[in-house]
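Undergrad: So that we are looking at the same thing, I have put the structure below in structure tokens.
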Amino acid sequence: MRSCHFCNVRVLVATVCGLLTGVVLGLGIWRLAVRIQRGVSTSISSTPIEFCRNGGTWQNGRCICTEEWKGLRCTIANFCENSTYMNYTFPRIPVGRYGASLETCPPGTVNAGNPIATGLCSVSEYGEIRLQNVTMGNCNVSLKTLEMQIDNITTESQTISTDAQILTADANRLTAENITAATKVVGQIFNETRKADKQAKRVAITTVSQLLDASEDVFEKAAATDNEDSFSILIKQMESYSFSLGDQTVVEPNIAVQSVTRGNDAGSSLLFSVQKGSSNSLVSGATSINKTADRLNPDGQTELQILLNTGKNKNSCGFVVYQNHKLFQSKTFTATSDFSQKIISGKINASGQVPDVSVQMVFNPTYDRSEFQLHSYACVYWNFLKKDWDTQGCQKEGHSAGFLGCRCNHTTNFAVLMSFKKDYQYPQSLDILSDIGCALSIAGLALTIIFQIITRKLRKTSVTWVLVSLCTSMLIFNLLFVFGIENSNKKLKTSDSDMNTNSDNNEIPVRDTIDTPNPSCTAIAALLHYFLLVTFTWSGLSATQLYFLLIRTMKPLPPHFIIVISLVGWGVPAIVVGITVGAVYAQRGNESPWELDYRQEEICWLAIPKSDNFVKSPFLWSFIIPVTIILITNIAIFITITVKVLWKNNQNLTSTKKVSSLKKIFSTLSIAVVFGVTWILAYAMLINNDDIRIVFSYIFCLFNTTQGLQIFILYTVRTKVFQSEASKVLKSLSSSFGRAKKPLHSRTLGLRMRMYNMLRSIPSLNERFRLLDPCAMTEETSLSQSNQSKSNA
């Protein structure tokens, strides 16, 4: 009768746990169905992700294609594919660009490994795409040697210009020294006093365009070591060159030059426009001149427009458009993104006189409006004396929506320096599955800690400190996760009306992206980082301790084992987090958003690095690698204990097969939960397939948000102390309803006999098996040892 009552207690506990698990699982399935349904309904109403083909991206209502494709969906080829000329082979080259040959200069030459020839991919008048202007270079000439030949430009300008163009064809191979040397050479080719050939100057435009493909870092290093101010010289010489082309236009992917001649009957204004293309590169036909316009008239396809008010001055004018700002290395403005920051030079040939002119401009910046929001801008010009941007004589001017207006009282190189706020997609609050799972874990962990501390004298087991430390770190992590993971910045609402358009406020922004600092979010991310590392560290220490106790049973624990593992469990993660934060701050501490290299803005957790910077990311070295090492070690120890101890066949098995298997299953689950084996599901969430990743996300959430509940069930509910107290509570409740209860002696004796049979089935565990079965009490261990001694006798 009493044994039946004890069975009722266990059935009650199992039923409650089963119901809780069923509720959580049901909520997960419901949330999965809702999310899939929302995903289907959203995809029907929005533009399909694969609408833009061949690397094109959907931005602002249209496909932005790569240079190699064009058309509405980026499906029309715009390249020369695997072209061959004489004995030279060229890979795919976009239309309008020069490509380098696969054949390189032989070893032993000055340019060993560099391409030996270049060719231009162009479109014929009949629309045929083909390779043209194939030019062979000199393998014994380098950019440094060309720099030494500047004095020979008058007589050898064509050769020098061609060699410079070939040597800069591969922008990925250019160094800071190459940039500096090429800039000096090209700047002197444009110098009128050198009297270079016209064709040499035309080729030099191509060289400048190729230079602007080099990385920003290379240009920064070149500017820092350029003592002769070669960048400014090149910019000035190109301004002068823009007067010499008559009414012709030269367009390269990164630069366009337009000259305009004017007679006495010309109007007082001149309008120059740059239209948007299907890609971010400049293309032939994208620029236009209107000699009779008296005002700005941009349309939806206008990217840049400048109105030059010359008054009575009828001299020729010149315009130069730079695709990016790399030749204009500023000390006050830092560009960290690839936003369109076109620079326009509009100038009148005043023959040494200062013309009385004014300039009006509108800029329609190209950026992904779904991801970024324009915060502020400044109308600036390049001050050659300061070698930096300046606002003197320029002011903001209101214009139609989508355009940024500027007005200046002089002519030179103009730009609009813009700063953006990223429109972070802050996630919604934790869903029901996470809320319930974390709540159950928090309650379970708190009860487990209290239970382990209160009953430590009754159990007298050495795993108490390890389990309490593990549960404590996990409990704090769950609390921080629930109450601190969300960034409070998500409550800050921004809109287009927040943009600074005050014409009297024309301050140059410090950088092109603005982030709202949130030190509390950074602190939460560091604490989450620390306590999750502590949790994994203690799971690894738990595995190590069980390995010593169960596998190396004949050898004692190392001296001062508890002290050592305590220092490791709580100290090593602190060192890892401290070094990580310190390294990130030391690297970018002088920049305001340094913390975003450590944490995310969307949530207060470690920053997920981009694919091109993953190897150098703090997330990899301070979290993924340590956790992976601990998980691999835990899984190896888990398999060893499972095979050699828990599921090892024994001929002396006296209990029934059903009871024995149940015991083994519970013991296996107990170790798996403490070792954190289910965290390996996190690696499945890295799969690119969204459907599979969502399924694994919910499975991962189900197992790991309820890890605290699992520990409570396996290490508290299953203990005989807990079951005894629960039985007393039930007895008291039953007595209040008039139900008499019998003593628990017969039930306790039955449990002891079952424990004895289990211990006999695995003699190698001896009394240490109680570490795996929380049900065991000290007195039961003594009983089993006494019975085993009698049996041996």
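Where a number appears in this text, it was derived from the coordinates with a stated rule and is not lab data. Computed from a predicted model, the values in this text were never measured in an experiment. With ideal geometry, Cβ positions are generated from the backbone for all residues, glycine too; neighbour counts draw on all protein chains shown.
Undergrad: Each label point is 7 Å from the Cα along the Cα-to-Cβ direction; what then is the distance between the points at Ile608 and Phe548, in nm?
TA: So the label points at Ile608 and Phe548 sit 3.9 nm apart.
Undergrad: Once you place label points 7 Å from the Cα toward the Cβ at Thr225 and Lys144, how far apart are they in nm?
TA: About 1.0 nm separates the two model spin labels.
Undergrad: Check Ala607: other-chain or 5+ apart residues with amide H under 5 Å from its amide H, H built from backbone geometry?
TA: Arg599, Gln600
Undergrad: Roughly how many debye, to the nearest 20, is the charge dipole of region 149-228 about its Cα centre, given +1 on each Lys and Arg Cβ, -1 on each Asp and Glu Cβ, and no other charges?
TA: So the magnitude is around 360 debye.
Undergrad: For Val134, what residues show an amide H to amide H distance below 5 Å, using hydrogens built from the backbone and excluding near sequence neighbours?
TA: The answer is Leu120.
Undergrad: Find the relative contact order for region 242-423 and round it to a whole percent, using C-alpha pairs within less than 8 Å whose residues are 6+ positions apart.
TA: Relative contact order here is 20 percent.
Undergrad: Fewest first, what order do Ile563, Ile255 take by the number of other Cβ atoms within 10 Å?
TA: The order, fewest Cβ neighbours first, is Ile563, Ile255.
Undergrad: Okay, moving on. From the phi of every residue in region 469-476, what ³J(HN,Hα) in whole Hz does the Karplus formula 6.51 cos²θ - 1.76 cosθ + 1.60 yield, where θ is phi - 60° and glycine or proline is x?
TA: So the J values, rounded to whole Hz, are 5, 4, 5, 5, 5, 5, 5, 5.
Undergrad: I need the trypsin sites (Lys or Arg not before Pro) found in region 299-341, filtered to DSSP loop residues with at most 11 other beta carbons within 10 Å of theirs. Display every interim value, and only then the final one.
TA: Working: sites: Lys312, Lys314, Lys326, Lys331; in loops: Lys312, Lys314, Lys326, Lys331.
For trypsin sites (Lys or Arg not before Pro) across region 299-341 that sit outside H, G, I, E and B with at most 11 neighbouring Cβ atoms in 10 Å, the list reads Lys312, Lys331.
Undergrad: What number of lysine-lysine pairs in region 242-423 show an alpha-carbon separation below 16 angstrom, given a sequence spacing of 8 or more or placement on distinct chains?
TA: The number of close lysine pairs in region 242-423 is 10.
Undergrad: Another question about this same structure. Would you mind putting 93-106, 621-634 in packing order, based on average other-beta-carbon counts within 10 Å, highest first? Each step should come with its number before you reach the end.
TA: On the way: 93-106: 19.8, 621-634: 17.2.
Put in order of decreasing packing, that is 93-106, 621-634.
Undergrad: Continuing with the same structure: Rounding to the nearest 20 debye, state how big the charge dipole of region 242-423 is about its Cα centre with +1 on each Lys and Arg Cβ and -1 on each Asp and Glu Cβ.
TA: About 340 debye.
Undergrad: Quick one: what are the phi-derived ³J(HN,Hα) couplings along region 306-323, Karplus 6.51/-1.76/1.60 with θ = phi - 60°, whole Hz, x for glycine and proline?
TA: Here the 3J(HN,Hα) series is 9, 10, 9, 8, 9, x, 8, 6, 10, 5, 5, 10, x, 10, 10, 10, 9, 5 Hz.
Undergrad: Can you give me the distance in nm between label points at Lys312 and Arg92, each placed 7 Å from the Cα along the Cα-to-Cβ direction?
TA: Result for the modelled spin labels: 5.9 nm.
Undergrad: Would you mind working out the magnitude of the charge dipole of region 170-295 relative to its Cα centre, with +1 at each Lys and Arg C-beta and -1 at each Asp and Glu C-beta, to the nearest 20 Debye?
TA: Rounded to the nearest 20 debye, it is 460 debye.
Undergrad: Listed highest first by mean packing, meaning other Cβ atoms within 10 Å per residue, what order do 538-545, 205-212 come in?
TA: The densest-packed peptide leads the list: 205-212, 538-545.
Undergrad: Once you keep just the Cα pairs under 8 angstrom separated by 6 or more residues, what percentage relative contact order results for region 164-248?
TA: Working: 75 pairs, mean separation 36.3, N = 85.
This gives 43 percent for region 164-248.
Undergrad: Please list, in chain and number order, the residues 5+ apart from Gln149 or on another chain whose amide H is under 5 Å from its amide H, with Hs placed from the backbone.
TA: none
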